[in-house]
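Read the structure below first, then the notes.
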């Protein structure tokens with residue numbers, strides 16, 4: 001089977017996810033979540049990526065990232081490799097921690113990024129782990145709605161999509177996300193093109209579209 005296409009360019013936005021091998025646990029306690037976050041932060045220092053959203057579940061994780069440089073693979077390889085080595089040392093195990101290759105989907109920022117952040121932040125609620133997203137501590141949601149700073153999470157972009165700034169934007173984002181608990185949220189990944197692009201292939205007026213980017217790799 002051919003490997004999924006990796007599309008990398010400066011200023012790209014991605015949804016990145018990886019699951020435990022055989023869908024088994026990859027996080028075994030609070031210390032593991034904390035260590036994973038350390039690697040997220042270290043990768044920012046090494047590669048300069050921006051983290052807009054994260055949700056860490058027991059058997060998998062989700063990240064929404066932006067790469068000012070064309071280096072998504074380096075970012076994810078560093079995070080996954082560092083964490084897998086940590087778990088293997090800690091639990092005296094060998095073999096693969098993660099199942100196959102991670103998935104990195106190129107995301108149209110204007111069309112899907114905000115909706116995708118809501119879908120991911122509600123993941124613990126859909127899994128019936130918590131009743132509201134704010135109760136779940138292993139995600140970036142609390143950073144968005146409480147204003148509590150997290151050095152590794154960039155909130156300006158998503159908050160700016162719902163309101164001006166500050167307290168008003170945080171409340172507007174809370175209402176946007178929590179509305180999905182009552183109304184239900186359609187899975188945005190159903191629109192993914194070829195499993196590698198989430199967004200329109202049409203060229204927006206005055207700028208390059210994802211379809212133009214895809215042509216560069218064909």
Subject >> Residues satisfying the stated conditions in the stretch 66-100, i.e. touching a helix residue (DSSP H, G or I) at 6+ places or on another chain (Cβ under 9 Å) and at positive phi >> reply: 95, 100
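Report, by residue number, each residue of the stretch 87-100 that is surrounded by fewer than 17 Cβ atoms within 10 Å (Cβ to Cβ) and closer than 16 Å to residue 22 by Cβ.
Answer for the stretch 87-100, where residues must be surrounded by fewer than 17 Cβ atoms within 10 Å (Cβ to Cβ) and closer than 16 Å to residue 22 by Cβ: 88, 91, 93, 94, 95, 96, 99, 100.
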Subject >> the stretch 151-171 - residue that is farther than 14 Å from residue 64 by Cβ and either within 21 Å of the chain's Cα centre (by Cα) or not in a helix (DSSP H, G or I) (or both) and, of those, modelled with the lowest pLDDT >> reply: 165
Original post:
Which residues, taken from the stretch 172-206, are under 18 Å from residue 126 (Cβ atoms), at pLDDT 80 or above and not in a helix (DSSP H, G or I)?
Top reply: 186, 187
Original post:
When only residues in the stretch 17-71 that are surrounded by fewer than 21 Cβ atoms within 10 Å (Cβ to Cβ), in a helix (DSSP H, G or I) and in contact (Cβ under 8 Å) with a residue 60 or more places away in the chain count, which is farthest from the chain's Cα centre (by Cα)?
Top reply: 22
**OP:** Quickly run through the stretch 91-104 and pick out the residues that are within 13 Å of the chain's Cα centre (by Cα) and more than 16 Å from residue 51 (Cβ to Cβ).
**Re:** 103
Subject >> Residue ID - surrounded by the fewest Cβ atoms within 10 Å (Cβ to Cβ), chosen from residues in the stretch 101-130 that are touching a helix residue (DSSP H, G or I) at 6+ places or on another chain (Cβ under 8 Å) and in a loop (DSSP other than H, G, I, E, B) >> reply: 130
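The values are calculated or read from the model by the stated rules, or taken from the named source; none is laboratory data. These figures come from a predicted structure and were not determined experimentally. Neighbour counts run over all protein chains shown; Cβ positions are idealised from the backbone, glycine included.
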